[in-house]
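The values are calculated or read from the model by the stated rules, or taken from the named source; none is laboratory data. For clarity, every value in this text was computed on a predicted model and none was experimentally measured. Reconstructed Cβ throughout: ideal geometry from the backbone, glycine too, with neighbour counts over all protein chains shown.
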């Protein structure tokens, strides 16, 4: 592809574009920045887990804004899909096994007609990062996950109000028996720390007062229960405001702090736009102002996805795929199904154990994903997914996908797979290696698998 | 010297077709591969921790055979002067621990006696968590003490992969880190690339011939560096696996795991902390409430034989001065037997340390058995003093930050 070098050249030359009016205006392709396969691939990686060939072709025809319409509001029957999976999730939760839930979630990510929703659910899971290791109750985790999904593209303030009374969160933060005599500090620390203001976002005194406000909260028989006599009814002084506060008041007061909107916008920017450099404050300011008015996550996500900045070199390949994104980025384009229970184990070994974030701070992400050991693990996982062996009895079949799109003959398969996985934006040498590999004598099915393996182990494929 | 660089990378990375077509290699990548190839490792210390799950009976491990309280309290499990491998007039090793007794004689084994913590908890889960996090007052501690050490090593860019768990159980919380990703592997093979990608992680160099660096994003460079290092490390580990062992490792699970660890140490890939275990998933095999004698003996035999082979292997390979091995268990056991030829959950117990830079011998007196603590041995040395010594003086980290307090390090190491 001819345009492939322009992006990297621009990003090296240019600094972070700090002009918010340009950055957040909707992207309109022109001769200098045409709508091409490369950008369609970028959109489908960020707003989902990688596009299929049909999705990428359709997106090329639709242009960016219409593609984003479809990602935000899929035309296909999401309700039917949700129904099918809701039953499966509930079943897995009833069996008491978090492993089952984890596997179903991965399968949902793999098959969903609304990948953006799962992408944002994953974001909120890393934000409201409680772990099954502490909760030890698959039913509660199931409810928590449902809540995250329901609120993923909704209003953050409402999500926060509900999540802080959610049994899984109370148990996960050691606040499930919050007595007047022993207010749970860790519950309050989660609420006014990582959930909203971040660590050190308020004083120790504020934290202690928030802990008092939360007394009387219990989890009994898996349900939230407010016990009046265990609640400290006294006046609390939280962030300068005095009153007989309860948790809902703490939430209300904390949401008035601009720092909360700034932090969520910053985290979403890192999730959707770029992990490379922290953005300058001026760049995010209009988004923060808008978000703090009504905390509408859906609109914020939409603004980011539609923007000039999102389709610029400042965003293109400026994230590192997490283990789940890496694995699904191989499987979704190939429309392949695998045993997701085993896949969940692999993701865990690579540092992303779904439903078990390492700490209340969630996953660090970015550069932390990539070490010598995790790259070795990712390479071995790619091999297992594409060439079989290990837990995946039936490897994916890249040749069949190429054939389906009329690119099954020897000379065409390698370039097709490069387009599918990297939209042709790969180092020249890599293209030659892949083409040469496919054209060697041998079983064409295996050759295609090997070619796909060589492509998805390129450093470029680790970028999102 | 583009040509030399290419030759070097071809050797280092096991070479790819891609390299053959590239006129030059980016400087940074060459440095990354070179750094991975020859690291200044002589002063890089390594810690190996063995978790003994279930609560090891310290009194039948380092046996106070001449103590009357011991003799009176152990009707079926008592080990006498005839049974033990004597250390002195009071103490002796369990008869199954010949290798430990020998290492002790050689000054390569230290026994820290009477180790525990105030207000001992007798639940497996809670006490294990206390030993794993080093935070007795905080059941909500978010990371393990070695996970904390791994985070520090990762953040300071001293180690890309600071720690690893080698074993077949779920990764113990000891290694739980906030940021660093600590791999769990079954053996050394798990740390290698099953198939090396033809590209071998090396970017095209066609465009960046000459002096100008490639216009790459820094995230891409980060991945490329790791990819180059992964190839080098994988090859070094494969070489270490292929090398003949200097000693014979007995066919026991712990021994095989330690053999893997010895190979990884020999491969010299920059891992500073290794963690493995004996006793299995908690509560674990050391939980000897009934018919303790044979079960306990077989575990101690496995520990001693395996660690003995490991230490000998490292010594012959000239690596022992860089390695420290440590054992711990969540608690000791009761002084008295429980009527089922077993013992119940106790409190303090001895810890073992082995390596080439230790003072050796006994650290601290044997606890006074006339004064028990919840039926177990009363501790006189806080386990965090051992951790502090290891963090400060062995790994070169700041123990106060990791342990969340000041604990005077024990004098363990020779100068």
* Could you tell me whether any residue of segment A:317-329 is without any contact (Cβ under 8 Å) to a residue 40 or more places away in the chain, buried (at least 21 other Cβ atoms within 10 Å of the Cβ) and part of a helix (DSSP H, G or I)? => no
* Is one or more of the residues making up segment B:292-300 under 23 Å from residue B:109 (Cβ atoms) and surrounded by fewer than 23 Cβ atoms within 10 Å (Cβ to Cβ)? -> yes
* Structure fact -> Counted residues in segment B:239-269 being within 14 Å of chain A (Cβ to nearest Cβ) and in a loop (DSSP other than H, G, I, E, B) come to 2
* Could we say that residue A:252 is farther than 22 Å from residue B:142 by Cα, in contact (Cβ under 8 Å) with a residue 40 or more places away in the chain and part of a helix (DSSP H, G or I) here? -> no
* Report yes if some residue within segment B:404-413 is touching a strand residue (DSSP E or B) at 6+ places or on another chain (Cβ under 9 Å), part of a loop (DSSP other than H, G, I, E, B) and at positive phi; otherwise report no. => no
* If residue A:335 satisfies every condition in (1) outside any helix (DSSP H, G or I); (2) at negative phi; (3) more than 10 Å from every other protein chain (Cβ to nearest Cβ) but one, which is the exception? -> (2)
* Taking helices (runs of 4 or more DSSP H) that fall entirely within segment A:115-204, which contain at least 1 residues that are within 19 Å of the chain's Cα centre (by Cα)? -> A:115-127, A:132-135, A:138-151, A:156-163
* Asked: Just wondering, is there one or more residues in segment A:424-436 that are under 24 Å from the mean Cα position of the chain (by Cα) and at pLDDT 85 or above?
  -> yes
* Structure fact -> If we keep only residues of segment A:400-418 that are surrounded by fewer than 23 Cβ atoms within 10 Å (Cβ to Cβ) and part of a helix (DSSP H, G or I), then the residue farthest from the other protein chains (Cβ to nearest Cβ) is A:404
* To do: State whether the residues of segment B:36-47 include one that is modelled with pLDDT of 65 or more and within 14 Å of chain A (Cβ to nearest Cβ).
  => yes
* For segment A:213-232, enumerate the residues that are surrounded by 14 or more Cβ atoms within 10 Å (Cβ to Cβ) and part of a loop (DSSP other than H, G, I, E, B). => A:214, A:215, A:216, A:227, A:231, A:232
* To do: Restricting attention to segment B:283-317, report how many residues are outside any helix (DSSP H, G or I) and closer than 16 Å to residue B:93 by Cα.
  => 0
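Okay, residues lined up against (1) at positive phi; (2) more than 13 Å from chain B (Cβ to nearest Cβ); (3) surrounded by 17 or more Cβ atoms within 10 Å (Cβ to Cβ):
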{"position": "A:164", "(1), (2), (3)": "no, yes, yes"}
{"position": "A:173", "(1), (2), (3)": "no, no, yes"}
{"position": "A:178", "(1), (2), (3)": "no, yes, yes"}
{"position": "A:191", "(1), (2), (3)": "no, yes, yes"}
{"position": "A:194", "(1), (2), (3)": "no, no, yes"}
{"position": "A:199", "(1), (2), (3)": "no, no, no"}
{"position": "A:202", "(1), (2), (3)": "no, yes, yes"}
{"position": "A:207", "(1), (2), (3)": "no, yes, yes"}
* Asked: Which residues, taken from segment B:63-73, are surrounded by 16 or more Cβ atoms within 10 Å (Cβ to Cβ) and over 15 Å from residue B:346 (Cα atoms)?
  -> B:63, B:64, B:65, B:66, B:67, B:69
* With respect to residue B:2, determine if the residue is at pLDDT below 95, within 14 Å of chain A (Cβ to nearest Cβ) and closer than 30 Å to residue B:228 by Cα. => no
* segment A:428-438, residues that are within 11 Å of chain B (Cβ to nearest Cβ) and over 28 Å from residue A:318 (Cα atoms) -> A:436, A:437
* Structure fact -> Taking segment A:63-98 and keeping residues part of a loop (DSSP other than H, G, I, E, B) and on the phi < 0 side of the Ramachandran plot leaves A:73, A:74, A:75, A:76, A:77, A:95, A:97
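Table: residues versus (1) within 14 Å of chain B (Cβ to nearest Cβ); (2) under 28 Å from residue A:367 (Cβ atoms).
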{"site": "A:388", "(1), (2)": "yes, no"}
{"site": "A:420", "(1), (2)": "no, yes"}
{"site": "A:449", "(1), (2)": "yes, no"}
{"site": "A:459", "(1), (2)": "yes, yes"}
* Tally, over segment B:189-198, of residues that are in a helix (DSSP H, G or I) and within 9 Å of chain A (Cβ to nearest Cβ) -> 2
* Taking segment A:351-376 only, how many residues are outside any loop (DSSP other than H, G, I, E, B) and at the interface with chain B (Cβ under 7 Å from one of its Cβ atoms)? -> 7
* To do: Answer yes or no: is there a residue in segment B:275-285 that is out of contact with any strand residue (DSSP E or B) (no Cβ under 8 Å at 6 or more places or on another chain) and modelled with pLDDT of 95 or more.
  => yes
* When you scan segment B:95-188 for helices (runs of 4 or more DSSP H) that lie fully inside it, which ones turn up with 3 or more residues that are out of contact with any helix residue (DSSP H, G or I) (no Cβ under 9 Å at 6 or more places or on another chain) and modelled with pLDDT of 95 or more? -> B:124-133
* Asked: Given the structure, is residue A:390 touching a residue at least 40 places away in the same chain (Cβ under 8 Å), on the phi > 0 side of the Ramachandran plot and surrounded by fewer than 17 Cβ atoms within 10 Å (Cβ to Cβ)?
  -> yes
* Which of the following residues is at pLDDT below 90 and away from chain B (no Cβ under 14 Å): A:441, A:395? -> A:441
* Report, by residue number, each residue of segment B:163-188 that is more than 9 Å from chain A (Cβ to nearest Cβ) and under 13 Å from residue A:371 (Cα atoms). => B:163
* Go through segment A:341-350 residue by residue and tally those that are more than 10 Å from every other protein chain (Cβ to nearest Cβ) and buried (at least 22 other Cβ atoms within 10 Å of the Cβ). => 4
* List pairs: first in segment A:270-285 and within 14 Å of chain B (Cβ to nearest Cβ) and within 16 Å of residue B:222 (Cβ to Cβ), second buried (at least 20 other Cβ atoms within 10 Å of the Cβ) and modelled with pLDDT of 95 or more, Cβ under 6 Å, 6+ apart or cross-chain? -> A:274/A:315; A:274/A:318; A:275/A:319; A:276/A:318
* In segment B:351-366, which residues are within 18 Å of residue B:43 (Cα to Cα) and in a loop (DSSP other than H, G, I, E, B)? -> B:356, B:357
